[in-house]
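Single-structure report; data block below.
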Amino acid sequence: GAPLGYLHVLWQGDEPAGKIPARRLRRAARLHRRLGPTGKEAHALKRLREAANSNDLDTVQQLLEDGIDPCAADDKGRTALHFASCNGNDHIVQLLLDHGADPNQRDGLGNTPLHLAACTNHVPVITTLLRGGARVDALDRAGRTPLHLAKSKLNILQEGFSHSLEAVRLEVKQIIQMLREYLDRLGRHEQKEQLDDLCSRLQMTSTKEQVDEVTDLLASFTSLSLQMQ
């Protein structure tokens, strides 16, 4: 197209007509083809991270279906999964994991997506990352394990301000799911069975008092588990 025509004009004056300009043109065309997709790909990789950061699920899905690498990081080592985990967008986190995102990839500061999700209190994302193969020891550096997070969340729930029955039940269920994944990864299967029992009890609740009772039992379980660490 136009770039090759422009090169031809530049070379016409100082080279005789014949094979040399043609070879140069072919070489320039190959270089143009090779560099073109690289620029487009870099733009697409940036768009993927930006879409994850702005909770744009549709764009993330389209870019992943186009084959964009979910593990590509920016100059600070942050991937799309880091952004989605920090923002607490469970749907985007799951989508990225389904397309091969690495849940243990560290950014420039050494943070994994799981560490960011724990620091920003996103319980469902922690559960999804644990199911996706995130290493639990990545949390040790922050001293912010799922057990610590569960204890903080349950303390707030036990204060009981402005929470509807369904909201409390959902949050308790999410905490149980997170702890089940976490304790299972630690090999603490007996405690996981205790959580299964609590989950069954929660499903049978129909009043605020019954949900509060399960919440109190879960808080006691969490405190005991922390003492065992």
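Given R0 = 25 Å, the distance between the Cβ atoms of ALA42 and GLU65 translates into a calculated FRET efficiency of 0.85.
The peptide list 70-82, 122-134, 39-51, put in order of mean Cβ contacts within 10 Å with the highest first, becomes 122-134, 70-82, 39-51. If a/c stays under 1.5 just call it rounded; otherwise compare a/b with b/c (prolate if a/b is bigger, oblate if not). Do that for the stretch 146-228, with a ≥ b ≥ c from the square roots of the Cα gyration tensor eigenvalues. In terms of gyration-tensor shape, prolate. Across the stretch 75-92, computed HN-Hα scalar couplings (Karplus, 6.51 cos²θ - 1.76 cosθ + 1.60, θ = phi - 60°) run 5, 9, x, 8, 9, 4, 5, 4, 5, 5, 5, 5, 7, x, 8, 5, 5, 5 Hz from first to last residue, x flagging Gly and Pro.
Here, each number is a calculation from the coordinates, and none is a lab measurement. Nothing here was measured: the structure is a model prediction, and the numbers come from that model. Every residue, glycine among them, receives a Cβ derived from its backbone with ideal geometry; neighbour counts consider all protein chains shown.
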